[in-house]
Amino acid sequence: MAFFLLRRLGVMLITAICLTFIVFFMTNLHPNLEKLAKTQGNFRMTDEAVNSFLERNGYTQPLAVKYGEWIGVLPSHRDTDDEGKVTGRCIQPGMDAEEAPEYCGILQGNWGYSTVFKEPVEDIIGKRLALTGKLMFWVMMLMVPGALILGVLAGMREGSRTDRSLSTLSISMTATPEYVSGVLFIAIFSSSAVGLKWFKGTATSAMEDANLENFLLPVVTIALYGMGYIARMTRASMAEVMTSQYIRTARLKGVSFPNIVMKHALRNALIAPFTVIMLQFPWLLNGVVIVETIFNYKGFGWTLVQAAGNNDIELLMAVSVVSVIVVLVTQLISDIGYVYLNPRIRLS
Amino acid sequence: MEPLSTFQVILKILLILTPVWIGLAAIFALSITYKRRLGLFGKLFDSPIGMIGFALVMFWVLVAVMGGPLDMLVTHDALGQVSGMKNKVPGTPLAGAEEGEYAWYLLGGDNLARDVFSRVIKGSWIVVQIAPLATVFAFMVGITLGLPAAYYGGKLDTVISFLANLILAFPVILLFYLLVTPEIVETGLPSYMAMCLFVFPLIFLFLLLNSKFHTRPALRTPLLIGVLGVGLWLYFSLISDKGTPVSFMPSWLDLFDIPGGILVIFVSVVFVNSPTVFRIVRGLALDIKTRDYVAAAQTRGEGAWYIMLWEILPNTRGPLIVDFCLRIGYTTILLGTLGFFGLGMPPESPDWGSTINEGRKLLSIYLHPALPPAIALLTLVLGLNLLADGLREESLKD
């Protein structure tokens, strides 16, 4: 087990390094840097001004050096301007150049400075992640029980009318991407054209004070898309368990049907959905980005769009580190949990 | 002229779509008549769910083909703006309609005074063109890499699987934002990726034909020269585009130019989809390679690629066909996502994602510009999912 974990952690580390390097490479391509310089300075900058801006800020160094600086294994770039003032990534405003540390990458806990929000990256990420965490918590609270109930009800009597209608329902859920269901929900429940106006079409106010009126629609929008998929997996695994020998034995012994479902079948039927729920996290990130854009909820997904749209390199790097870690950790949890839930599988 | 009532709008739309209904009826009549001779496709007509799915998909395919290249169903120019029609509700008569023009905006006008109905129909052609083709390419890439990874195993498997997992761990939206921006297009990165990805269908075709016919050189050589010749020509025409760094073909030889944004979208959608296909193919092939008929072929001394492509691949067709339908639906969703974030597509493009994004900004007052494309996308993807479900059910029966 320890060896398995170590190996997995090693692979995860390599994956994370590769992925962040790819993001770093793409954000540091010359046209992107040029755009960054122009948004920082002004849009009518000459090529020379752009180049001197890039040079001053250390963007013209070789890619590997820049990446090393970002990680914190190479001393970071410094620039002395005409008046002898030293500026650099490590030197905070109001700090003396001599006192500033030489290394300041993510290993030293310095995530950099966002060029869009004009704030340290770690502050932004922390704040936005907390907001998205709140959203995700309620999504999970709605999605997981909903999907399991749907799936178990459909799968316990395969081929019945309940099964058919619930299966069709979950197929329709998976066929409705967030940007379609979000638009439909806003149209039905919050527009003045239909006139129901039960909920609010934006969730901006939910960032401070979440209540049913401003938070339900975004939560439901994300939850529905994932719910269909998990419900289908639960149904398949439930249907398979219900045909197995020990269920037949229990029925022949005269155990009542609710008892069979609750006590005998459920635990085994939940193994596959557990993995699926864990693997849904990366896809939920997609949903989060879309829903936060539609409902104007300024969380992590919204930050991703802002950072990517403005080529805010350090913020974008932090965003990708966080999302890659989320993906990899959930994969690991799903693998380990699978082994615990299903003792028949051994780690090799 | 009087505005149309809701009932009249529906009636008019049904009437305009007459050719689609005729086409659908013909397809269904033919398929049901000959369903016993059509194999898996024919069996689809035994399952009501599969039939509904097939009907939805065929509806959009017919609408797209008739509305797109044939230019039949559209009532107005999808890009044309008519003054006085801004945000008008469905059924509004056209302001200052001339002789020969269609007299109403059946589904109203959007915030740039364009006809919503025509835009939805034009948008369907974009989806129906790109989604299946991109899925085919993703399958070619996934199959060409997945089969050897499973068959040979070992280091090859480790390396390719690692790369696939790498792409899979990438948040899709971030990837799109990184790939599909004008700045990245300027560097030519998508064009180079297109060069790499689009070579896979050629490799696939070459391996497929060569492994089957290499014992008959008299047939194989001309066949390969013909197929690969045409394939290479198409390949070079596809990747060589004016205005991108990859532009080497003289224009008289270049068959077609893909409009800049479309190629990038195409590449990124293929790129995102192929690792998943790879994983599915690899999983299926790992299972099938232990079967007796594979061992028999190995004993006969068949080549590795023959076994992979002519023994293993045909036996994975059931799950692969089902996944193919699902994946087209998923690709449609991805295309919508791209349009929704305004990535890649030109701003006035009538594709569904962009239209939904434009419409949602005024959603609290005007519903009609956003709802038709949303419902269109929903029904198409639903159709594909139901079709896949029907196929799965029928293929499990025997």
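The values are calculated or read from the model by the stated rules, or taken from the named source; none is laboratory data. The model shown is predicted, which means the values in this text are computed figures rather than measured ones. Glycine gets a Cβ as well: all are built from the backbone with ideal geometry, and neighbour counts include every protein chain shown.
In the list B:LEU219, B:LEU232, B:LEU223, which residue meets the criterion of being in the same structural domain as B:ALA285 (by TED's automatic domain parsing), part of a helix (DSSP H, G or I) and surrounded by 14 or more Cβ atoms within 10 Å (Cβ to Cβ)? Only one candidate passes the filter, namely B:LEU223. Check B:ILE126, B:ILE130, B:ILE160, B:ILE173 and return the single one that is buried (at least 24 other Cβ atoms within 10 Å of the Cβ), touching a residue at least 24 places away in the same chain (Cβ under 8 Å) and within 26 Å of B:TYR330 (Cβ to Cβ). After ruling out the rest, the residue left standing is B:ILE173. Looking across segment A:305-343, just one residue is touching a Lys or Arg at 6+ places or on another chain (Cβ under 7 Å) and more than 22 Å from A:MET12 (Cβ to Cβ), and that is A:ASN311.
Of the helices (runs of 4 or more DSSP H) lying entirely inside segment B:1-82, those containing at least 1 residues that are within 24 Å of the chain's Cα centre (by Cα) are B:18-33, B:39-43, B:48-67. The residue of segment A:299-329 that is surrounded by the fewest Cβ atoms within 10 Å (Cβ to Cβ), among those that are facing chain B (nearest Cβ under 10 Å) and of a type outside the set (A, V, I, L, M), is A:GLY309.
You will find that of B:PHE204, B:PHE162, B:PHE170, the residue that is at pLDDT 90 or above and facing chain A (nearest Cβ under 9 Å) is B:PHE162 and no other. Screening B:PHE341 against (1) within 9 Å of another protein chain (Cβ to nearest Cβ); (2) farther than 30 Å from B:ASN87 by Cβ leaves a single unmet condition, (2). Evaluate the following for B:LYS86: is it surrounded by fewer than 18 Cβ atoms within 10 Å (Cβ to Cβ) and charged (D, E, K, R)? The answer is yes for B:LYS86.
Scanning segment A:279-298 for residues that are part of a helix (DSSP H, G or I), more than 8 Å from chain B (Cβ to nearest Cβ) and crowded, with 22+ Cβ neighbours inside 10 Å yields A:GLN280, A:LEU284, A:GLY287, A:VAL288, A:VAL291, A:GLU292. If you go through segment B:324-366 and keep only what is among the acidic types (Asp, Glu) and assigned to a helix (DSSP H, G or I), you end up with just B:GLU358.
If you check A:THR132, A:THR162, A:THR221 for being surrounded by fewer than 18 Cβ atoms within 10 Å (Cβ to Cβ) and out of contact with any strand residue (DSSP E or B) (no Cβ under 9 Å at 6 or more places or on another chain), only one passes: A:THR162.
Take B:PRO369 and tell me if it is in contact (Cβ under 8 Å) with a residue 24 or more places away in the chain, more than 10 Å from chain A (Cβ to nearest Cβ) and surrounded by fewer than 24 Cβ atoms within 10 Å (Cβ to Cβ). So B:PRO369 fails the test. For segment A:172-205, a tally of residues being more than 7 Å from chain B (Cβ to nearest Cβ), buried (at least 20 other Cβ atoms within 10 Å of the Cβ) and assigned to a helix (DSSP H, G or I) returns 5.
The set of residues in segment B:21-52 that are hydroxyl-bearing (Ser, Thr, Tyr) and free of Cβ contacts under 8 Å to residues at least 40 places away in the same chain comprises B:SER31, B:THR33, B:TYR34.
Total residues in segment B:100-153 satisfying the condition of being out of contact with any Asp or Glu (no Cβ under 9 Å at 6 or more places or on another chain) and at positive phi: the figure is 3. Taking the criterion of being without any contact (Cβ under 8 Å) to a residue 40 or more places away in the chain and within 12 Å of chain B (Cβ to nearest Cβ), the residues of segment A:155-168 that qualify are A:GLY159, A:ARG164, A:SER165, A:THR168. Quick check on segment B:345-365: of everything there that is at the interface with chain A (Cβ under 10 Å from one of its Cβ atoms) and modelled with pLDDT of 85 or more, which residue is surrounded by the most Cβ atoms within 10 Å (Cβ to Cβ)? Only one residue tops the list, namely B:GLY353.
Candidates in segment A:1-59 are the residues that are within 11 Å of chain B (Cβ to nearest Cβ) and of a type in the set (Val, Ile, Thr); of these, the one that is nearest to A:SER323 (Cα to Cα) is A:THR20. Inclusion of B:ALA218 among residues that are farther than 30 Å from B:THR337 by Cβ and among the small types (Gly, Ala, Ser) is warranted.
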